[in-house]
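Student: Take a look at this one; I'll ask things after.
The values are calculated or read from the model by the stated rules, or taken from the named source; none is laboratory data. In this text the structure is predicted, and so the values were computed from the model without any measurement. Neighbour counts run over all protein chains shown; Cβ positions are idealised from the backbone, glycine included.
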Amino acid sequence: MNKGNLFYINLGEILMSLTIAHRGTPTGILKYNGITGELISVPFINGGPGLGIIRDFTFGPNGNLFLTDDSNRILEYNGNTGMYIHNFVENFSGSRFFGLTFGSDGNLYAADYAKNQITIFDGNNGKYLSGCSSNLNNPVSLAFEVPEPSTLTMLGLGILGLYLTKRKK
């Protein structure tokens, strides 16, 4: 594998951006079986209008894949077939998006390297909502805090206990 490839692991599948080592030009995203390592699709994502160097990709709440490239836009692809759907965010002026993630509110958050902020888009239609966290000094990734496993375990045990208590009555 080449340095600089992006990986996404989700429910037994692994997606990887493909880079040609001698040119550094992305040609798409490959899909692998996360258990066997078997190549499922060559390539899973291949193109869209003028697909450039892939900077990041993530899955949205609708199951589709969203990626940003060096053209400062965000493209949407069918999460099952890899077919291009449309430019979700079209060449957002003055921005250089790197990291992408969806929040629990369903909106898309993009690390905007050029504007030193996190830019927020409506997760349904790609409309600009706001920029936040100014002066981040060239952010390239972002993530939301996820409760640690012990917290989730305690919550699950509590819910199970309530269920069993109600069931006995």
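Student: Looking at I74, is it more than 29 Å from I40 (Cα to Cα), within 15 Å of the chain's Cα centre (by Cα) and either at pLDDT below 90 or surrounded by 13 or more Cβ atoms within 10 Å (Cβ to Cβ) (or both)?
Tutor: Working: more than 29 Å from I40 (Cα to Cα): no; within 15 Å of the chain's Cα centre (by Cα): yes; either at pLDDT below 90 or surrounded by 13 or more Cβ atoms within 10 Å (Cβ to Cβ) (or both): yes.
Criteria not met by I74.
Student: When residues of the range 84-111 are filtered for being more than 19 Å from D122 (Cβ to Cβ) and surrounded by 14 or more Cβ atoms within 10 Å (Cβ to Cβ), how many remain? Quick ask: steps written out before the conclusion?
Tutor: Residues of the range 84-111 that are more than 19 Å from D122 (Cβ to Cβ), as a first pass: 84, 94, 96, 98.
Now drop any that are not surrounded by 14 or more Cβ atoms within 10 Å (Cβ to Cβ), which leaves 84, 96, 98.
Going through the range 84-111 one residue at a time, the tally reaches 3.
Student: Please pick out the residue among E38, E13 that is at pLDDT 70 or above, more than 18 Å from Y113 (Cβ to Cβ) and of a type in the set (D, E, K, R). Lay out the reasoning, then the answer.
Tutor: Details: E13 fails: at pLDDT 70 or above.
Just one listed residue meets the conditions, E38.
Student: Next question. So, P49, is that one more than 17 Å from K31 (Cβ to Cβ) and under 11 Å from the mean Cα position of the chain (by Cα) or not?
Tutor: no
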